[in-house]
Amino acid sequence: METRLNMQEAEPQAYKAMLNLSMTPNSISKTHHHLLKIRASQINGCAFCIDMHTKEAMKDGESTQRIFLLNAWREVSLFTEEEKLVLELTEEVTLIHQHGVSSETYQKAEKQFGKNYLAQLIMAIVTINAWNRIAISTTQQPAS
């Protein structure tokens, strides 16, 4: 794989802005945050982010079984209804070019989580999608 630019070195202010966006305090549960980061990264095919976020999730106690089955979350009973809603929203935002975010998903999420938590979920999903695009564009590789 070719070596490409290091975004942090090439555009330190933009990189710092992304880091600040990622570190914005929020009330999203660690579990929700891990699930949405891994799922969006799977959809986008970002090996660097999948590697990083699965390691972080396992460090925080997430089971390997749930991580292994995350891309088939609709097929298993390992995820709560809340988690399934987070994953559904993650998929719709990540694949927004296909059908947007459906009214059904949005309304269920707003009812379940409230406006503030929903806003934080959307921002977290948008942020991991941005990181995926940076990592893929610059061919970042998973840590050895």
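Every number in this text was worked out from the coordinates using simple rules, so none of it is lab data. Remember, it's a predicted structure, so these values are computed and weren't measured experimentally. Note that each Cβ is placed from the backbone with ideal geometry, even for glycine, and that neighbours are counted across all protein chains shown.
Working from the Cα coordinates of the range 1-68, the gyration tensor eigenvalues give, after taking √(5λ), semi-axes of 24, 17, 9 Å in decreasing order. Net charge dipole, the chain: roughly 160 debye, given to the nearest 20, about the Cα centre with Cβ charges of +1 for Lys and Arg and -1 for Asp and Glu.
Students often get this wrong, so check it: of LYS30/LYS55; LYS30/LYS111; LYS84/LYS108; LYS30/LYS108; LYS37/LYS59; LYS30/LYS59, which have C-alpha atoms separated by over 18 Å? As for pairs spanning more than 18 Å Cα to Cα, those are LYS30/LYS111; LYS30/LYS108. Computed from Cα atoms, the angle from the helix 12-22 axis to the main principal axis of the chain rounds to 20 degrees.
Positive end of the dipole of the range 1-79, charges at C-beta (+1 Lys, Arg; -1 Asp, Glu), about the Cα centre: which of CYS49, LEU36, ASN20 has its Cα farthest in that direction? Checking the options against the dipole of the range 1-79, the answer is LEU36. Between THR80, THR90, THR64, the Gaussian network model of the chain with springs among Cα atoms under 10 angstrom shows the greatest mean-square fluctuation at THR80.
Stretching GLU104 away from THR64 to a fully extended chain increases their span by 11.3 nm, per 0.36 nm per residue minus the current alpha-carbon distance. The angle between the Cα long axis of helix 81-94 and the main principal axis of the chain comes to about 50°, on a 0 to 90 degree scale.
Which of the three applies to the range 29-137, rounded, prolate or oblate, going by the alpha-carbon gyration tensor with a ≥ b ≥ c and a/c under 1.5 meaning rounded? Oblate, since a/c reaches 1.5 and b/c is not below a/b. Comparing MET58, MET23, MET123 in a Gaussian network model of the chain, where Cα atoms under 10 Å apart are tied by springs, the biggest mean-square fluctuation is seen for MET23. For the chain, the longest principal axis of the C-alpha atoms and the axis of helix 103-137 are separated by about 20°. Here the Gaussian network model covers the chain, with springs between Cα atoms less than 10 Å apart; of VAL76, VAL126, VAL93, VAL76 fluctuates the most.
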